[in-house]
Amino acid sequence: MAAAGFLRGDCALALVALSLLAALGSGRCAGQMNLMIPQNVQVHIINTNITLKWDWNSWNNFSVTFSPQYQWLEDYEEDGTNWTELPGCENITVTKCDISSAVTDYLCNYSVRVRAERGEEKSPWSEPFIFVPNIIAEIGPPGVQLESVNGMVKVNISPPEANSKEKMWTQHSFSYNAIIWKKSSNAEPKNRAIYPRDIIHDLEPETTYCLKVQARLNSEAKRGYFSPEQCINTTRASNGLPCPTNVTVHALNMKFLLSWDNHYNNSVSFNVQYLSGFYKQFNEDYSNKWYVVPGCENISHTQCDFSDIGASGNYYIRVNATNGYNRSCSSKEIKVDPCVVNEIGPPSVKVNSGPKLLRIQITCPGEENKSMSECYELSYRIQYWENSSKPEVSNDVAQKSFHTISNLMPSRAYCLKIQAFAQVYNKSGQFSNVICTETLSDHMSPLVVLTTFLIAVVVVLVLAVVIILAIYLSYKKIKYVFFPSCKPPSNIEPFGGQLFSNLYISTSEEPAEKCCIIENTIQEDANPTNFKNYSNSKQSSRDSGNYSNDDDTSGSKVSEETLELRKHLKHDWEHN
Amino acid sequence: MSTMRLLHICLILLFSTEISSQHCDLLSFQQKKLNKDSLELLEKMGGNFPFQCFNEGIDFKSMQDVLKRQSSQKENVKLAIQNILQEIFTVFSKNLTQTAWDTISIITFQNKLHQQIERLEACLGFQKEKDGTKMGSDGLVLTKLKVRRYFQGIYNFLEEKQYSLCAWEIIRMEMTRCFLFVDQLTKSL
C-alpha cells in the first residue's frame, strides 16, 4: 500500500549514505560514477493533474538530465509491471515533470523513481516513491460566479474538475465552504457552508463584499484549495414588493406550521414552496423543482400547515408574496430536517396505585400521527417524588408504555411527571402535568388476603354445588323422559306393553282396532258366487282415522272370518 | 429551591452523557431505517424486472466480491457505508430519461439517501477532528478504493449501454443487492 514506501525509510537512509560517500570520492577519481542521486522524490496531485518532483543540487552538476521511470503495481502487490519510461519526461533538465498521461488508474498503486544522467554517466536510481493517486490527491479550487441581485448575492459554484474529462472525485460528493468579508473593513471574515447554487442574504446594501470558496470531502477530512478572491458590490433592494421576512417553523408532534410577518400595506397573497433537500447538492439549475405546498397557494393569512410533505428526508421552504401582477422576491430558504425540527409534546399518563408501587400507563404524544414513529423510538423519563415537605426527586426510565415504579412506601402520596425522549435525535419532549396519587396501605394486607381467599373459596364451593345439582337434575329429567322405570298395570299390558316402552318412537305400523259391519239381510242360498259378491261389498273402518294402511291381506283375513261366522249362523238357523 | 437545584443537576448529568455521543453512536437506527425504506422504494419505483432484459449481459463484479475482506472495524464500516451511499446517490443522479420509473419514488429515495449521507459525513468528520486520524490507515484506504473501483464498473456499464432501459433495470437490481449488503454492514455498526 501507500505506506509501503515509507516503510523502506531505513533502506533509503543507507542508500543516501552510500551516495554521499560516492560523491565525496568523485573529487579524487574523475570519470567514475560520481553523479549524485536525486533526492526527495515526490508526487503532487491536484484533481487529475499529477506532477513528479525531486530535489537536485545543481552547484556541482551542470548539463545533467533526468529520466524518471514508473511501475504499475497491480492489486496492491509489491511485484508490478516492468519499469517504464514516463512519456514526455525523457532526458529532461528540469526537476519536475507532468506524469498525468501515464498515471491513468487513480485507484491503483504506482511506483516512480528518478536518476541523473550526464553523457554516459548515470547515477544510481533514487528510492522509489509509491502512491495511490486517489489517496494523495488534493482537491483543486472550484469555479465561482457571483451575481448581485436585489441586495443579495447569488453564487454559482462549478465543481473543481468540471472541465476535465477524467475524474478523480465522485460527482456530487463535495460540500463547499465560503469565507466572506466586507472589503476595506476590519470585520472578521465569516466562514459559512454554501451550496453550489446559493443566495447570500443578510448583506448590507451598496457595500463591497469579497469571498473565496473551497471544496471539501467531509468524510475523508479533505479540504481543497480556495478559489481566487472575488469581490462584488451589493445593490439597493428593489422598490417592488419586499421579500417576506421572519419566516419561522414551529413543529409539535410532527405537525408543521410556517409563519411569517405581514408588513405589506395592500392586500397580498402568499405562496409557500418546498424543495427536496438533495437538489441542493447539484450544480445544475434546479429552480423548476420547487413545488407549491398543498393548501398554501395564494393564501391571505401568514401561516401555512405543511405537515403533508412528510418526513422523507430534508427539504427547504420559502415564501413569496404576490400583489396582482407583481411578485415579491422569495424569503430566505429555511432548511427543515423534520425529525430534528420537531418538538415532542407531553405524553398522556394514567396512574394506578398498589401497595408500595405505582402502575403507570403512558400514551405516546401525537399518537395519531404516523410520522412520529418514522422519526423516533420514544422512551420515557419519569420523575417522581414523595409529596412531603422535603421531596427528593427520583428518576426512572420506561422503554414501553406500561411501567411500574416499585419499592415505594405504602399509604404515602407520590407525585410524578413524565417526558418522552428520543435518544437518536437527543430530543426531550415536554413534561406531562404533575399527577399525585397515594399508594395503597400495607397494614391491612394479610386480612385482605385472607378475606379474598375465603370469599374465593365460598364462591368456588357455591358454584360447585350449583353445577353438581344442575347435572343431577338434568340427568334425572332425561332418564324420566326417555327411559321411564314405571311399568304399565297388568290389565293394560295385553293391549301392548310395547306402547308404553316406545311412546316417542314412531312405529312403521300403527296398531288399530279392527271392526266389521255385519249386514242384517242374509240370503238363503249359499251360492259360492254370492259369497264372492258379498265379500266384495264388505266395508272396514278404523277409529284411528288412518286409512292409508289398507291392504289386501287384512281384507282376505276378514272375509275368511265372515265366512266362518256365516257358516255358524246358517247352521243355527237350519237347526231352528 | 433545593429541589429545583437537584433537578437541574440531574438533568445536566442526564444530558451530558448524550452530548458526548451526539454525532455517531446512534446512526444505526437511522441506517437500518434507510436500508428498509430504500429497498422498498427501489422495488416501488420500477416494479418487476422486465422480461426483455433477461438477456442483457452483466459485466461488473458484485459488491460482496469487492468488499469480502472488509475489516469489521466500526470506523471502517461507517466509511464504507458512507462511500457506498454517496456512490449510489451519484448513480441515480445520472441520465434516467430512458426509464419510465416513478418519479416520486426516485425523489424520495434520493432525498432519504442524501440525508443519511449528510449525517454520516457529519459523524465521520466529527470523529476525524476528534481523533485526528487522517486517511492513512490501511483498512480505510482499502475500503474506499474498493468501493470506488466497484462503482466505476457500474458507471462504465451504464455509459457503455448508453443509459438504456435494460441497463438501468440491471443497475436497479444490483443496487438492491447493494442495500442488502449495506444492511449486513449496518449490523456491525
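Of note:
- Semi-axis lengths, largest first, of the ellipsoid equivalent to the range A:245-341 are 22, 17, 11 Å, with √(5λ) applied to each eigenvalue of the Cα gyration tensor.
- The label point for residue A:193 and the one for residue A:265, both projected 7 Å from the Cα toward the Cβ, are 4.1 nm apart.
- Cβ-to-Cβ counts within 10 Å put A:254, A:36 in ascending order as A:36, A:254, the fewest first.
- Stretchable slack from residue A:394 to residue A:476, in nm (0.36 nm times residue separation minus alpha-carbon distance): 22.8 nm
- In plain terms, the residue of A:126, A:406, A:389, A:401 with the fewest other Cβ atoms within 10 Å comes first and the most crowded comes last, giving A:389, A:406, A:401, A:126.
- Remark: mean inter-chain Cβ contacts per residue of A:167-179 equal 3, using a 10 Å Cβ-Cβ cutoff to other protein chain atoms.
- At q = 0.12, 0.19, 0.22, 0.25 Å⁻¹ the log10 of I(q)/I(0) for the range A:381-484 amounts to -0.66, -1.00, -1.14, -1.28, computed by Debye summation with a single uniform scatterer per C-alpha, solvent ignored.
- Translational diffusion coefficient (Stokes-Einstein; Kirkwood radius from C-alpha pairs) of the range A:111-268 at 20 °C, 1.002 mPa s, in µm²/s: 107
- Contact order, relative form, for the range A:348-439: 34 percent (alpha carbon pairs under 8 Å, 6 or more residues apart, mean separation divided by residue count).
- Per residue, the convex hull spanned by the Cα atoms of the range A:39-136 measures out at 95 cubic angstrom.
- Between residue B:61 and residue A:452, the distance separating the two model label sites (each 7 Å from Cα on the Cα→Cβ line) works out to 6.8 nm.
- Per-residue shielding of A:271-281, expressed as the average number of other chain Cβ atoms within 10 Å of the residue Cβ, stands at 4.
- Listed pairs A:417/B:112; A:190/B:112; A:280/A:332; A:212/A:332; A:53/A:212 exceeding 26 Å between Cα atoms: A:417/B:112; A:190/B:112; A:53/A:212
- Counts of other chain beta carbons within 10 angstrom of each beta carbon in peptide B:140-150 average 4.
- Distance histogram in 10 Å bins (all Cα pairs of the range A:229-301, percent per bin): 13, 34, 37, 14, 2
- Charges were assigned to the Cβ only: +1 to each Lys and Arg, -1 to each Asp and Glu. The resulting dipole of the range A:39-136 about its Cα centre is roughly 480 debye.
- Relative contact order, percent, the range B:27-187 [alpha-carbon distance under 8 Å, six or more residues apart]: 48
- Based on alpha carbons, the Rg and Dmax found for the range B:27-187 are 15.9, 52 Å.
- Each of A:53, A:165, A:417, A:350 was scored by other Cβ atoms within 10 Å of its Cβ. Arranged with the fewest first, they read A:165, A:350, A:53, A:417.
Only the coordinates and a few stated rules stand behind these numbers; no lab work does. Predicted model only: the values in this text are computed from it and were never measured. Because the Cβ atoms are built from the backbone with ideal geometry, glycine has one as well, and the counts that use them run over all protein chains shown.
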